[in-house]
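> Next up is a structure, given as structure tokens.
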Amino acid sequence: MTRQMTGAKMIVQALIDQGVDTIFGYPGGAVLPIYDEIFQQNQIKHVLARHEQAAVHAAEGYARSTGKPGVALVTSGPGATNAVTGLTDALLDSIPIIVLSGQVPTFMIGSDAFQEADTVGITRACTKHNRLVKETDKLSAALHEAFHIATSGRPGPVLVDIPKDVQFATGDYTQKTAVKSHYQPQLKGDMTAITELVEALETAKRPVFYTGGGVINSGPAASQLLRELVEATGFPITSTLMGLGCYPASGEKWLGMLGMHGLYEANMAMHGCDLMINIGARFDDRITGVVEKFSPNSKKAHIDIDPSSINKVIRVDIPIMGDVGHVLEDLLKVWKSRGRKTNSEAVAKWWKQIDEWRAVDCLKFTQKGKIIKPQYALQRLQALTKDHDRYITTEVGQHQMWAAQYLDFEDPNRWMTSGGLGTMGYGFPASIGVQMAHPESLVINVAGEASWLMNMQELGTAMQYKLPVKQFILNNERLGMVRQWQELLHGERYSSSWSESLPDFVKLAEAFGAKGIICSDPDDLDDAIMEMLNYDGPVLFDCLVEKHENCFPMIPSGKAHNEMIMGEVDTSTAIDAKGKVLV
Amino acid sequence: MSALKIKKGAQSHSAYNLRPNFSDVEERHTLALLVENEPGVLARVIGLYAGRGYNIDSLTVAEVDHTGHLSRITIVTRGTPQVIEQIKAQTGRIISVREVHDLTVEGPCVERELAMFKVTGTGDKRVEALRLADIFRANVVDSTLTSFVFEITGAPEKIDAFADLMRPLGLADVARTGVAALSRGE
């Protein structure tokens, strides 16, 4: 049975049929018919962002914290181009979002009309898929397929560009169930390869699980299976930035995050292992360090739903193409049926070695004097919020790495950060998206002052929708990570890395009607954090921290996992000429 | 069917194609893509090649199945085995790409290309050009008193050889279609 309706109504109907309850957007000329339909219903909440980039990041935060696709709605031209950063961010971090953009009417396309941009052309390289829909009859099927593509296989952003005349015209609405897509990614892994991995598990002397965002994208069941596998085998586990929470930080097999600013024990385990089991990670350059020296003596298995991730950077011995959850289920089944064997004697010895690395205590720092160390601020934030139903977002830079190091994540979908693209300005709007999805939970954006200012206009959104998001700004009046690299690489010439003319954050908060808190004394920190937590509404927390703190440990550019620099040692020779060209 | 693009409903696949090949020698591969015939699909493919720095030696595209809205893109590319595997996997990720076939590894295939050569000249050179065209089974599709346009079909190497011979005889212009290829047998 087909139903006739306008294109604009179809869009709202398709969103309802897809189970969407919240969308983030910004109106404009080319989407007015859609906004008119939104006005006349109350099943879908629309959150008015203050910038299209923020709308897309909010949709990402919503998606990452719920496991459901996020939706953003933007107008043509500048609305669509402003969405590009969010789309690219979602592409690199495999976040399922759908962006609907308005377009000038079909008969004006190509005429350089007002607010016309070649949106599909511009976003081709930064979406998993995109399309321009020129006929109202095809609109609803295109929308349903967009949801299917965004959420199937390796998730990602999908953009649907909808000319204004298509929104006004009437056409047939196609039901969600009537849409058949050719896109059907393989979920089950190859049993021969899985059995080969089981054999490797049984004999490994120095194994390590290297997990990533793919575990979280695969759903809560995948994290559960991973936990079962780790507990049953007793093997150590580390994770990328994107995978934090798939295994609990309180778990005894947990080594902490790995990579450029990862923990010493995690990186040393990766370097020294004889079996590396990559589960839903992608050998990103922040993880591998210099590829030639990456984990030289290990057999490597790689579970990934995206075949292009396999052998892209690191050549692996056991490739398994499939969904993490499905593969882990089969892996556990085969391993159990073969008698749950591991080389426990050798693994115990391996743990002894790991415990020695752990004893280095690479995250230690000393909080003394009257200046707050950023690490201390996060340690206190962790202590005072760990029992809350808590979601953390971050911006990008030193504070992001410290948050990954000093905050503990017990469950998946609790940690929203811009990993692949490294988008400053991501965290604040993402926290709004998370809070919309979890109105009763504590949502904290750990920020740097420079990143935070990139989307500060969203204070208006937080106020309008009464979202009690906590903006925890580690303010060092510097672009901390840039400054750190200038110190290490560019002779301490701090070119443009000083945040000049910063606002008074307390007054800024008050100008929007939010609460501002400033804290500069370590003795006041706990009380100030409690004040932030107890306030029912958005809080801008200006935490003045040590200005020249560097983020360690660190794998310098062009070095291997076992060549980490640990702290305030001589760093002037840490990076050689070859490493300098790397970012 | 390549392991990299799994048919709908397929229950298993071979991970064999994902095994690394450690050679660092560049190889020439002919890929056949079956793509949805929709606006922008060619831009998706060549945008991927440009964005990731892959080589395109030649590329041809035309609709092959009108009712199924399918086009076939034949790409000749080169790279180390690892790069070739990446090219296939990345191409397979494009939603509008239904199938990726590496004709170079999937078995014997025939490759053909059509080219047109304009050769200008008079006297002996003109006679010699016509004689060589006959040997290469090239057809004369246009003729004036001072020029010929030859049409030639064959493997790219044959066309290269013909071009080399025509150059000293007054080669004025060349148009080549790029390679179209099909696997041999059923």
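Laboratory data are not the source of any read-out in this text; all were calculated from the coordinates shown. Since this is a predicted model, take the numbers as computed values, not measurements. Backbone-built Cβ (ideal geometry, glycine too); neighbour counts: all protein chains shown.
> Return the tail of the calculated pair distribution for chain A, meaning the percent of Cα-Cα pairs more than 45 Å apart.
Within chain A, distances greater than 45 Å cover 18 percent of Cα pairs.
> Taking Cα pairs under 8 Å and at least six residues apart, what relative contact order does segment A:355-469 come out at, in percent?
27
> Would you mind checking the tilt of helix B:124-135 against the longest principal axis of the Cα atoms of chain B, expressed as 0 to 90 degrees and rounded to 10?
Result, in degrees: 40.
> Of the peptides A:43-56, A:477-490, how do they stack up when ordered by the mean number of other Cβ atoms within 10 Å, highest first?
Numbers: A:43-56: 22.1, A:477-490: 20.1.
Highest to lowest by the protection proxy: A:43-56, A:477-490.
> Taking the Cα atoms only, what angle lies between the long axis of helix B:156-166 and the longest principal axis of chain B, rounded to 10 degrees?
Helix B:156-166 and the main axis of chain B meet at about 20 degrees.
> What fraction of the Cα pairs in segment B:53-157, stated in percent, has a spacing above 22 angstrom?
Percent of Cα pairs beyond 22 Å in segment B:53-157: 52.
> Other chains' Cβ within 10 Å of B:90-97 residues: what's the mean?
Whole-number average of other-chain Cβ neighbours for B:90-97 is 5.
> Another one. Please give the net charge around B:S96, taking every other residue with its beta carbon less than 10 angstrom from that of B:S96, where Lys and Arg add +1 and Asp and Glu add -1.
+1
> While we're here: Are any of the pairs A:K253/A:K299; A:K293/A:K349; A:K188/A:K253; A:K68/A:K180; A:K164/A:K515; A:K299/A:K333 more than 32 Å apart by Cα-Cα distance, and if so, which?
Working: A:K253/A:K299 20 Å; A:K293/A:K349 24 Å; A:K188/A:K253 27 Å; A:K68/A:K180 20 Å; A:K164/A:K515 41 Å; A:K299/A:K333 22 Å.
Cα-Cα > 32 Å for A:K164/A:K515; rest within.
> Count charges around A:P157 for me, please; just the other residues with Cβ under 9 Å from its Cβ, Lys/Arg as +1, Asp/Glu as -1. Don't jump to the answer; show the numbers that get you there.
Working: positive: A:K128; negative: A:E60, A:D89.
Counting the neighbours of A:P157, the net charge comes to -1.
> Based on the Cα atoms of segment A:1-130, what semi-axes does the equivalent ellipsoid have, where each is the square root of 5 times one gyration tensor eigenvalue, given in whole Å with the largest first?
Working: eigenvalues 86, 82, 35 Å².
Listed largest to smallest, the semi-axes of segment A:1-130 are 21, 20, 13 Å.
> Right, another one. Calculate how steeply helix B:41-52 sits against the longest principal axis of the alpha-carbon atoms of chain B, using the helix alpha-carbon long axis, and give the answer as 0 to 90 degrees to the nearest 10.
On a 0 to 90 degree scale, this one is about 80.
> Alpha carbons only, please: Rg and Dmax for segment B:16-102, in angstrom.
13.0, 43
> Quote to one decimal, in nm, the extra length available between B:E36 and B:D57 on full extension: 0.36 nm per residue of separation minus the C-alpha distance between them.
Length gained, B:E36 through B:D57: 5.3 nm.
> Counting alpha carbon pairs within less than 8 Å and at least 6 residues apart, what relative contact order, in whole percent, applies to segment A:6-78?
So the answer I get is 39 percent.
> Right, another one. Determine the relative contact order of chain A: mean sequence separation of Cα pairs under 8 Å and six or more apart, normalised by residue count, in whole percent. Intermediate values should be presented prior to the final figure.
Details: 1318 pairs, mean separation 80.1, N = 583.
Dividing the mean separation by the residue count of chain A yields 14 percent.
> Less than 12 Å Cβ to Cβ from A:I372, Lys/Arg counted +1 and Asp/Glu -1: what total charge do the surrounding residues give? Intermediate values should be presented prior to the final figure.
Values: positive: A:K368, A:K370, A:K373, A:R380, A:K547; negative: A:D521, A:D523, A:D524, A:D526, A:D542, A:E546, A:E549.
That works out to -2.
> Once you put a point 7 Å from the Cα of A:M191 and another 7 Å from the Cα of A:S501, both along the Cβ direction, what distance in nm separates them?
In this crude spin-label approximation the distance works out to 6.8 nm.
> How do A:196-207, B:62-73 rank on mean C-beta neighbours within 10 Å, highest first? All intermediate terms of the calculation are to be shown ahead of the outcome.
On the way: A:196-207: 19.5, B:62-73: 13.3.
My ranking of the peptides, most packed first, is A:196-207, B:62-73.
> Just the Cα atoms of chain B: what Rg and Dmax do they give in Å?
19.8, 68
> To continue, here is another question. Multiply the residue gap between A:M108 and A:V179 by 0.36 nm, knock off their C-alpha separation, and tell me the result in nm, one decimal place.
Separation in residues times 0.36 nm, less the Cα-Cα distance, equals 22.6 nm.
> Other chains' Cβ within 10 Å of B:74-85 residues: what's the mean?
Neighbouring Cβ atoms belonging to other protein chains average 1 per residue here.
> I've got another one for you. Once both labels are modelled 7 Å past Cα along the beta-carbon direction, what's the A:K547-A:R3 spacing in nm?
Output for this residue pair reads 6.2 nm.
> In terms of modelled amide H atoms, which long-range or inter-chain residues lie less than 5 Å from the amide H of B:V64?
B:L70, B:S71, B:R72
> Over the residues of segment B:109-183, compute the C-alpha Rg and express it relative to 2.2 N^0.38 Å.
In units of the 2.2 N^0.38 Å rule of thumb, it is 1.08.
> Further, regarding this structure: Taking the alpha carbon gyration tensor of segment A:418-526, what are the square roots of 5 times its eigenvalues, largest first, to the nearest whole Å?
Gyration-tensor ellipsoid for segment A:418-526: 27, 17, 13 Å.
> Here's something else I'd like to know. According to the Kirkwood expression over distinct Cα-Cα pairs, how big is the hydrodynamic radius of segment A:70-207, in Å?
Working: mean 1/r = 0.0595 Å⁻¹.
Answer for segment A:70-207: a Kirkwood hydrodynamic radius of 16.8 Å.
> Between segment A:310-326 and segment A:118-172, what is the C-alpha centre distance in whole Å?
What the calculation gives is 30 Å, centre to centre.
> Roughly speaking, what % of Cα-Cα pairs in segment A:278-361 are separated by over 17 Å, rounded to a whole number?
Counting every Cα pair in segment A:278-361, those more than 17 Å apart make up 63 percent.
> So how do B:130-140, A:105-115, A:258-268 stack up, highest first, on mean other-Cβ count within 10 Å? Kindly include the intermediate steps, with their values, before the conclusion.
Numbers: B:130-140: 14.6, A:105-115: 13.1, A:258-268: 25.6.
Those peptides, ordered most packed to least, come out A:258-268, B:130-140, A:105-115.
> Convex hull over the alpha-carbon atoms of segment A:506-578: what's its volume per residue in Å³?
Spread over its residues, the Cα hull of segment A:506-578 gives 165 Å³ apiece.
> In µm²/s, what is D for segment A:191-359 at 20 °C and 1.002 mPa s, where D = kT/(6 pi eta Rh) by Stokes-Einstein and Rh is the Kirkwood radius from Cα pairs?
On the way: Rh = 15.5 Å.
So the translational diffusion coefficient is about 138 µm²/s.
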